[in-house]
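Since the structure comes first, as structure tokens, the remarks are kept for the end.
The values are calculated or read from the model by the stated rules, or taken from the named source; none is laboratory data. As the structure is a prediction and not an experimental result, all values here were calculated from the model. Positions of Cβ are backbone-derived with ideal geometry, glycine not excepted, and every protein chain shown enters the neighbour counts.
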Amino acid sequence: MRGPDDIDVIDAHYVRPRMAAIHVIGHRGRAALVDTGTSHSVPAALAALESFGYEPGAVQFVLLTHVHLDHAGGAGAFMRALPNATLVVHPRGAPHMIDPSKLILASIAVYGEARYRSLYGEIVPVDAARVHVTEDGERLSLAGRELEFWFTPGHAMHHQAIVDHASRTVFTGDTFGLSYRELDSAAGPFIFPTTTPTQFDPLQLESSVARIAAWRPAAVHLTHYARVGDVGRLAADMTEQVRAFAALALHHADAPDRRERIRKELRALLRERVGAHGCALDEARFDALLADDLDLNADGLVAWLERRARG
């Protein structure tokens, strides 16, 4: 999909249409990818790049917001296909791109091996010589277009946002939450946090959301899914919900069936908020759309409670 500001969107076709985006920043005949989808995403994404007018040699950077496999699983396969690209990644994520074995095992532990293979396919390691490790506040030039990297923990410790000064927009990965187009209404986009295992931290996430909002971007580009405006309102919604998610998890911290209770309350909270937003999804479509997110968010909140209990 062609977009404004020389920023295009490729559907990664992860799980379903319009679930995960690969963004393409273009400038003076050069391009940068932001997030990669999975290895399954790569052939169609390369064809889309060609349709946008970019040959493989024109891609200067593959930029990762973080190394969860729906964002970075295709990085190694892309790097094989893009001869002039440099992989740009947070220092905590770089070792897992060079040697993905621990990342693979952790993902299998979350999803089970059969579903892991179906979702992610083969994870290809990246040559260390082609990896650039970022620093917080570092700036790189895409043929003269300035891109800045901010470390934004809370969803994951290896998370960074990418600030595009030319468009005054930010590529936020998962830090600024999820906003599926199916939940849009006359009031605009709906947004909610993702508390996926294993590094969710509510205070860090609030701080990262505040950092992005304080810059007053014209829009943010979410991996799940694409460009949204009205950033001030969405930042306030995110902060309110991060606090609500943490509070309901703490309320059930000592329950033997806390995971099931947390998921049930998460669903009720989001269903109420989606309805108040004016979205007309019926119960069945709501559950089909958010089932995986509710499962992962409940798991992530339980993991947070366990870390908190350990001190």
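Some observations on this one:
- Enumeration of residues in the stretch 174-188 that are among the aliphatic types (A, V, I, L, M) and under 18 Å from the mean Cα position of the chain (by Cα): LEU178, LEU183
- Whichever residue in the stretch 44-77 is of a type in the set (A, V, I, L, M, F, W, C) and closer than 12 Å to TYR120 by Cα and, among such residues, is farthest from the chain's Cα centre (by Cα): ALA77
Listed here are the residues, each with its yes/no results for (1) within 30 Å of GLY57 (Cα to Cα); (2) surrounded by 17 or more Cβ atoms within 10 Å (Cβ to Cβ).
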| site | (1), (2) |
| --- | --- |
| ALA109 | no, no |
| ILE162 | yes, yes |
| PHE171 | yes, yes |
| LEU183 | no, yes |
| PRO197 | no, yes |
| PRO202 | no, yes |
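- Residue that is surrounded by the most Cβ atoms within 10 Å (Cβ to Cβ) [pool: residues in the stretch 221-264 that are closer than 15 Å to PRO189 by Cα and basic (Lys, Arg)]: ARG227
- Qualifying position, being in the same structural domain as PRO197 (by TED's automatic domain parsing), surrounded by fewer than 24 Cβ atoms within 10 Å (Cβ to Cβ) and under 16 Å from GLY173 (Cα atoms), among ARG80, ARG16, ARG28, ARG92: ARG92
- Among the residues of the stretch 219-258, those identified as of a type in the set (Asp, Glu) and under 30 Å from ASP6 (Cβ atoms) are ASP230, ASP237.
- Spans of strands (runs of 3 or more DSSP E) in the stretch 119-196 with at least 2 residues in contact (Cβ under 8 Å) with a residue 60 or more places away in the chain: 139-142, 145-151, 160-164, 169-173
- Which listed residue, of GLY121, GLY74, is small (Gly, Ala, Ser) and either modelled with pLDDT under 95 or farther than 19 Å from HIS23 by Cβ (or both): GLY121
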